[in-house]
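A.B. asks: My questions will all concern the structure given below.
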């Protein structure tokens, strides 16, 4: 009968600063009757990166009020705010890129999907 073993490893992900987020990869492996190790499956989980944050007193109080009002910890509120900010920036960037290419398309007379297909079909 094969045995299941869990092998864990940590690695830094995509950030160059010392406080990069770390991901722990857990890979389940199977050791068969002949001692060979075979991968069965894996899961990637994010672990927290610790940061120290200095806020002005007024902003700190506002953060505490917001956390109480939402029934969350201050850390959860900060995580939500950072995620929301990232989402808003991506939406703005997308809108700018879409606007740029829309102007280019209108200049070539491409106003509908049918116009685009016709334009792309030209040799």
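A.B. asks: Rg (Å, one decimal) plus Dmax (Å, integer) for the alpha carbons of segment 48-123?
C.D. replies: 22.4, 65
A.B. asks: By how many nm would the segment from residue 70 to residue 55 grow when fully extended, if each residue of separation counts as 0.36 nm and the alpha-carbon distance is taken off? Don't skip to the end; give the middle numbers.
C.D. replies: Values: separation 15, 0.36 × 15 = 5.40 nm, distance 1.99 nm.
Length gained, residue 70 through residue 55: 3.4 nm.
A.B. asks: Using a basic spin-label model with each label point 7 Å from the Cα along Cα→Cβ, how many nm lie between residue 84 and residue 104?
C.D. replies: Going from the residue 84 label point to the residue 104 one covers 3.4 nm.
Every read-out reported here was derived from the displayed coordinates using simple, explicitly stated rules and does not represent laboratory data. All values derive from a computational prediction rather than experimental measurement. Every residue, glycine as well, gets a Cβ built from its backbone with ideal geometry; the counts of neighbours run over all protein chains shown.
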